[in-house]
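Here's the structure we're looking at; comments come further down.
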Amino acid sequence: MAGGEGTRLRPLTSNQPKPMVPIVGKPCMEHIIELLREHGLEDVIVTVAFLPQAIRSYFGVGENLGVAIEYSVEESPLGTAGSVRLASDKLDETFLVISADALCDFDLTRLVKFHRKHGAAVTIGLKSVENPLEFGIVVTDDKGRIERFLEKPSWGQVFSDTINTGVYVLEPEVLQHVPTDRPFDFSKELFPLLLEMGRPLYGLPMDGYWQDIGNLDQFRQANFDALDERVRLTVPGIRLRGNIWLGEGVELDDLDQVEGPALISNYCRVARDAHVGPYSVLSASVTLRERARAIRSVVDASTHIGRGALVEGAIIGRSCDIRAHARLHEGVALGDEVKIGEESVLMPGVRVYPFKEVESGAQIYESLIWESRASSRLFGKDGVAGLVNVDLTPEVVTRLAVAFGTALPRGARVVASREAPPSCRMIERAMIAGLNSTGVDVADLRVLPSAVGRHLLKTHDYVAGFHVGFTTADPEVLQIRLFEEPGIQLSASLQKEIETHFSRGELRRSAGANVGDVDYPVRARESYAEELLATLDITAIRSRGFRIVVDYGYSPASLVLPLMLGPLGVEAVSAHAFAAEVPGASSATLRSLIGQAKKLVGAVGAEFGAVFDRAAERLYLIDEEGHEIPVEQALLLFLRLIGSNGRRGKLAFPVTVTSQVDRLAKSSGLQVIRTPASLGDLTKAAAEDGVIFAGAVGGGYVFPDFLPAYDAMASLCKLLELLAPVRQPLSTLVAELPQSTLVHRQLPCPWAQKGLVMRVLTERLKGRDLDLLDGIKVKDRRGWAQVLPDPDEPLVHIYAEGRDEQASNELEGELRSLVEEVLREEAGISS
């Protein structure tokens, strides 16, 4: 019987059937076939269902094991009896049924003799166990005839401690009672039916070893029992010192490095100073590097354990890569081809499913099942992001919120907002519950743009805030953005504190009487609108009499912006306003919305069009001719208008923004401040004294006199003010702007190589004109080029800007070649 899927054994059985899990270096089923051969049972029919090819390809027709194997494929679930009934055309004499995923060494010859002696229709191999609650109990008389069956009884029904082991001797005719139109089970249906019919059913208590490999603990215990010789089977290899087995081709410097009982299978490599502790099973071709330790662990074939790594009480799948100084604690289980980064720690009981990656330095407390990788950082470049109920489950989000609340003073007040979809509501409520549990109060704005919450944070006594919404880049990825006074992105220091609380589990819990409260502020929209209007030249805007198109992008900005456009006398033709349930809203892309707005601008004769992203943070412009203004040119447009308006002060831009901003600012008497390429650093700089404008390529603009954050509503109103005294159409203003030659490329770079790339580039570019504010920016007479590792993806960004397009491409190509050379050299060293 080899159809088991083994769901409780995952991740070991995520990509292999349960009978193939290794017991002392060989599949469990191989030990069972060797037992059958030992008792003269050489004609074997294997019933297969889950991943049958894995079993077929390993065992073939059985000639290597001295048996003849045929296969019966179960296309749909038929139950234990039904799967055997499917092979009934091959069963014309007394036959034995045995599970391929329960390790045993029963005397099968004795069982068959007992069956024939008593003329039984069915004989069941029985076993006495200490805790029979999880098994089917069989009650027999003093001659072994079965009187009663009990499936998974309660303690009040335990009339015997002998359980059904799933080892049966059967006469072929009993299969006639198995229906062919539905699943049918031996112990639950067929045997009780035969008992009721008065057929002779017997049970024989067996003396040998039997262990169901049902879960990870049982799997590990079966391996340990094999090393302790509690089960009689063939451990592959030469036996030394009584309880150490070595396979052929093992590279081992000193046998004193091994403490038995232990198995080191064929072609394993154990480096000098590595240690193989008691109850360790290393399957074929496992490598332990210098000072690595494996103790009470089962490690499957071709796994690499790096220098100084500790694997203690763990189960490791095939071809895993455990890097230097990683620590895998008791009960950890890895599926096949999992990569564990350097110095990462997997806490007790964590399961990592096949083909996943744990980033270097990560501390993992929860199982990694659906996610492709686990990061050492909780925060990405714009907050905490992931797929709902995959990366961001209610449990993970609540823990994040508790870590957030732990970093805040007890009794602090936090403002919350969200987008409309139910998933955003669920995540926001999980955040609120977590914060309340730490004694933090929450003001819930419900569905409103994050700018309204940030404004409250600036003007009221809130210490922090958060907003839940979907990203513009991927409408399936939900993002939780956290911010602090006066409305800026969360600082790096507070992020680090939250990550520390989250990873270490050092979380504050309030007593029941001190749990935080939730309230719902009134007039938050009106307060926002009134203060924004107070920063504008309302008379100038009204006298201009603008006619514009506004595409809200289904954002709740449509609940707020009209409160400003009315007093400003702006005639606005609106599209895609917010509604709780709008068919197609979730699948509408920014590009499609911009395309529709371009047509609408021409149709209504608007002076320009404005399109908001779903978060109402980024603004995209369309001129009066229906042409989209590139985001690079839109940034320069704001800068030109601010300069011509006569304002003086500082401007903040990331290091990756075109040098044209420096030229335009210089001609207008404005000062440019460069910041690292993160939204947090940009908004922090924008909040400093004297800064009048900040922005980055991508539609995000900051007017700190109102709010030091991206805000599409404020950006649009400020643009109206800047355009009010200008009588030229938008297309003419854009045509007069200088053209940027900035190029941007992305280059794949493994996570573990990012630090190496930056270190080697710094060494090789030594002596050149370098700017190390963020990444590596190298300058020469042709212009500049910059390499910047991505915080969220396994790649690096390369920016370059020269006098012309050709120079930009040359600069980018030279820097990219350097990065590729470093990656090639590292790949050569690793191989």
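Conditions tested, residue by residue: (1) in contact with a helix residue (DSSP H, G or I) (Cβ under 8 Å, 6 or more places away or on another chain); (2) under 20 Å from Ala714 (Cβ atoms); (3) open to solvent by 40 Å² or more (accessible area, probe 1.4 Å); (4) among the hydrophobic types (A, V, I, L, M, F, W, C).
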position	(1), (2), (3), (4)
Ala588	no, no, no, yes
Ala606	yes, no, no, yes
Glu617	yes, yes, no, no
Val631	no, yes, no, yes
Asn645	yes, yes, yes, no
Exercise for review: Determine if segment 797-806 includes at least one residue that is among the aliphatic types (A, V, I, L, M) and in contact with a helix residue (DSSP H, G or I) (Cβ under 8 Å, 6 or more places away or on another chain).
Suggested key: yes
Review point. Looking at segment 285-296, which of the residues that are surrounded by fewer than 22 Cβ atoms within 10 Å (Cβ to Cβ) and touching a strand residue (DSSP E or B) at 6+ places or on another chain (Cβ under 7 Å) is nearest to Asp217 (Cα to Cα)?
Key: Arg296
Revision key, fill the gap. Considering residues that are hydroxyl-bearing (Ser, Thr, Tyr) and farther than 22 Å from Leu811 by Cα, the number found within segment 727-762 is 2
Revision key, fill the gap. Scanning segment 85-110 residue by residue, those part of a helix (DSSP H, G or I) and in contact with a strand residue (DSSP E or B) (Cβ under 6 Å, 6 or more places away or on another chain) turn out to be Lys90
Review point. Is it the case that Pro205 is of a type outside the set (Asp, Glu), under 26 Å from Thr80 (Cβ atoms), more than 38 Å from the chain's Cα centre (by Cα) and surrounded by fewer than 18 Cβ atoms within 10 Å (Cβ to Cβ)?
Key: yes
Practice item. Filter segment 610-631 for residues that are out of contact with any Leu (no Cβ under 7 Å at 6 or more places or on another chain) and within 22 Å of Tyr710 (Cβ to Cβ) and give the result. Key: Arg614, Ala615, Ala616, Glu617, Arg618, Tyr620, Leu621, Ile622, Glu628, Pro630, Val631
Check your understanding: If you take the residues in segment 791-808 that are out of contact with any strand residue (DSSP E or B) (no Cβ under 6 Å at 6 or more places or on another chain) and free of Cβ contacts under 8 Å to residues at least 60 places away in the same chain, which one is least open to solvent (accessible area, probe 1.4 Å)?
Key -> Pro794
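Have a look at Ile45, Ile33, Ile69, Ile55 and point out the one that is part of a strand (DSSP E or B), farther than 22 Å from Glu171 by Cβ and not hydroxyl-bearing (Ser, Thr, Tyr). Working first, answer last.
Values: Ile45 fails: farther than 22 Å from Glu171 by Cβ; Ile33 fails: part of a strand (DSSP E or B); Ile55 fails: part of a strand (DSSP E or B).
The match here is Ile69.
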Review point. Which pairs do you get when a residue that is at positive phi, found in segment 42-58, comes within reach of a residue that is in a strand (DSSP E or B) and among the β-branched types (Val, Ile, Thr), reach meaning Cβ atoms under 9 angstrom, with the pair 6+ apart or on two chains?
Key: none
Study note, to complete from the structure: Contact list, first residue from segment 228-248 and open to solvent by 50 Å² or more (accessible area, probe 1.4 Å), second anywhere and of a type in the set (D, E, K, R) and in a strand (DSSP E or B), beta-carbon distance below 9 Å, six or more apart or interchain, is Thr234/Lys26
Review point. Out of segment 25-84, which residues are open to solvent by less than 50 Å² (accessible area, probe 1.4 Å), of a type in the set (Ser, Thr, Tyr) and out of contact with any helix residue (DSSP H, G or I) (no Cβ under 9 Å at 6 or more places or on another chain)?
Key: Ser83
Revision key, fill the gap. Note on Gly690: of the conditions (1) surrounded by 15 or more Cβ atoms within 10 Å (Cβ to Cβ); (2) in contact with a strand residue (DSSP E or B) (Cβ under 8 Å, 6 or more places away or on another chain); (3) more than 26 Å from Asn809 (Cβ to Cβ); (4) not basic (Lys, Arg), unmet is (1)
Practice item. Within segment 695-742, work out how many residues are of a type in the set (Gly, Ala, Ser), part of a loop (DSSP other than H, G, I, E, B) and crowded, with 22+ Cβ neighbours inside 10 Å. Key: 2
Study note, to complete from the structure: Scanning segment 751-773 residue by residue, those touching a residue at least 60 places away in the same chain (Cβ under 8 Å) and either more than 24 Å from Leu682 (Cβ to Cβ) or of a type in the set (D, E, K, R) (or both) turn out to be Trp751, Ala752, Gln753, Leu756, Val757, Val760, Leu761, Asp771
Practice item. Identify all residues within segment 235-253 that are part of a loop (DSSP other than H, G, I, E, B) and more than 16 Å from Ala284 (Cα to Cα); write none if there are none. Key: Arg241, Gly242, Asn243, Asp253
Exercise for review: State whether one or more residues within segment 775-782 are of a type outside the set (Ser, Thr, Tyr), open to solvent by less than 40 Å² (accessible area, probe 1.4 Å) and out of contact with any Leu (no Cβ under 8 Å at 6 or more places or on another chain).
Suggested key: no
Review point. Are any residues in segment 743-774 β-branched (Val, Ile, Thr) and open to solvent by 50 Å² or more (accessible area, probe 1.4 Å), and if so, which ones?
Key: Thr762
Point to revise | Qualifying residue in segment 810-829 (condition: open to solvent by 20 Å² or more (accessible area, probe 1.4 Å), β-branched (Val, Ile, Thr) and either in a helix (DSSP H, G or I) or touching a residue at least 40 places away in the same chain (Cβ under 8 Å) (or both)) | key: yes
Review point. Picking from Val452, Val442, Val402, which residue would you name as being hydrophobic (A, V, I, L, M, F, W, C) and either in contact with an Asp or Glu (Cβ under 9 Å, 6 or more places away or on another chain) or without any contact (Cβ under 8 Å) to a residue 60 or more places away in the chain (or both)?
Key: Val442
Check your understanding: Restricting the search to segment 417-433, which residues are surrounded by fewer than 24 Cβ atoms within 10 Å (Cβ to Cβ) and either touching a strand residue (DSSP E or B) at 6+ places or on another chain (Cβ under 6 Å) or not aliphatic (A, V, I, L, M) (or both)?
Key -> Ala420, Pro421, Pro422, Ser423, Cys424, Arg425, Arg429, Ile432
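Residue by residue, here is whether (1) of a type in the set (D, E, K, R); (2) surrounded by 17 or more Cβ atoms within 10 Å (Cβ to Cβ); (3) in contact (Cβ under 8 Å) with a residue 60 or more places away in the chain holds:
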| residue | (1), (2), (3) |
| --- | --- |
| Leu175 | no, yes, yes |
| Asp181 | yes, no, no |
| Glu189 | yes, yes, yes |
| Leu195 | no, yes, no |
| Asp256 | yes, no, no |
| Arg272 | yes, no, no |
| Ser283 | no, yes, yes |
Exercise for review: Run Ser450 past the list (1) over 20 Å from Pro791 (Cα atoms); (2) open to solvent by 10 Å² or more (accessible area, probe 1.4 Å) and report the number of the one that doesn't hold.
Suggested key: (2)
Review point. Taking Gly260, is it closer than 18 Å to Pro278 by Cβ and open to solvent by 20 Å² or more (accessible area, probe 1.4 Å)?
Key: yes
**Study point:** Unique residue being farther than 19 Å from Asn15 by Cα and touching a residue at least 24 places away in the same chain (Cβ under 8 Å) when the list is Gly308, Gly331, Gly349, Gly317
**Key:** Gly331
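The values are calculated or read from the model by the stated rules, or taken from the named source; none is laboratory data. The structure presented is a predicted model; accordingly, all values stated were derived computationally and were not measured. Heads up, the Cβs are rebuilt from the backbone with ideal geometry, glycines too, and the neighbour counts pull from every protein chain shown. Note: accessible area is taken over every heavy atom of the protein model, side chains too, but ligands, DNA and RNA are not part of it. Shrake-Rupley method; radii C 1.70, N 1.55, O 1.52, S 1.80 Å.
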